[in-house]
Amino acid sequence: MNTLFLKLGWRTLLRDMRAGELRLLIVAVTLAVAALTAVGFLQTGSRAGCSAMPGNCWAAMRWFCSDAIPPAAFNAKAQALGLKAVSTVSFPTMARARDEDGGQAKLVAFKGVPQGYPLRGNMKVSDSAEGTGQETRDIPAPGTAWADASLFDALGLKLGQTLLMGEASFKLTRIIVQEPDRGAGFISFSPRVMVNQADVLATGLIQPASRTNYRFAVAGDDKAVNAYVKWVTEAIKKPPISPAFAAWAGCGWSRWKAVAPRCARRWIAPRNS
């Protein structure tokens, strides 16, 4: 009886293989396993690289994220503790070339940065398409933009030409080779366009319900940083919550309670900090 079941099972397997459905399933499973393995290797390699050179992989010692502008009290407290602090904003948007340059458009990862960015590590940029890049502590000058090389290829633009975003236009002056705090989210796979934070409002891109991500970063003495983290943690939970802190309250609570608001962020730091 057992032999009969085995023969029947074997015949069914061969029939399904000839029909094609089983082969399709095998191919799908193989691709899924290969994809998961590749992602695992990538994550392990990135973690090892950041552990070896934390200053080049993390632009600050601590950062706090939300979809609301950081309260002024955040910066005031950081200065009182002798910490360096910067606030950046990023979001997905469309960028395009002028009509006379082809008019091509591309989804980009927009980022506005202030003077002092990055707090840790260095930007690596190139002044030519053939250059390997050099480290810099500069940021884009007002009216100019830095972009990934892939954006130049996608839009058919060259250094010195104009990039349009929202209601503003920017002169492309440098190619981004390396960004110390580049994330790994979906939007991070889009070409980066970095501008001076003073130009962000002129674009008119930030509107109600915009998918903005504000990142407030601090760096300095470990003791002062820990004191700052403790202060912010208590400030965003202390009732009554002021309007300035209200948008950040859910983010702060998400680390200690199972709450996942849209901002759903937390204090983040390198493992070896």
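Read-outs: derived from the displayed coordinates by stated rules, not from any lab. Nothing here was measured: the structure is a model prediction, and the numbers come from that model. Quick reminder, even Gly has a Cβ in these numbers, built from the backbone with ideal geometry, and neighbours come from all protein chains shown.
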Sites Leu107 and Thr233, calculated FRET efficiency, Cβ-Cβ separation with R0 51 Å, nearest 0.05: 0.90
Could you give each residue of the stretch 79-88 its phi-based ³J(HN,Hα) in whole Hz, using Karplus coefficients 6.51, -1.76, 1.60 with θ = phi - 60°, and x for Gly or Pro? 5, 5, 8, x, 9, 8, 9, 9, 10, 10
So the FRET efficiency between Ala149 and Leu31, C-beta based with R0 = 30 Å and rounded to 0.05, is 0.55
What does the net charge come to around Val195 if you take all other residues with beta carbon closer than 14 Å to its beta carbon, with K and R at +1 and D and E at -1? -1
Cross-link pairs beyond the 22 Å C-alpha cut-off, checked among Lys84/Lys111; Lys106/Lys158; Lys77/Lys124; Lys84/Lys223; Lys124/Lys171; Lys111/Lys158: Lys77/Lys124
Fully extended, how many nm does the chain gain between Ala38 and Lys158 (0.36 nm per residue separation, minus their Cα-Cα distance)? 39.8 nm
Can you work out the Karplus-derived ³J(HN,Hα) for every residue in the stretch 134-151? Use 6.51 cos²θ - 1.76 cosθ + 1.60 with θ = phi - 60°, whole Hz, and x for glycine or proline. 9, 6, 8, 9, 7, 10, x, 6, x, x, 10, 9, 10, 8, 5, 4, 5, 5
Given 0.36 nm per residue, what is the gain on full extension from Ala209 to Thr173 after removing their alpha carbon distance, in nm? 9.9 nm
Sorted by average packing, counted as other Cβ atoms within 10 angstrom per residue and highest first, what order do 83-94, 27-38 take? 83-94, 27-38
What is the distance in Å between the Cα centroid of the stretch 21-44 and that of the stretch 120-165? 36 Å
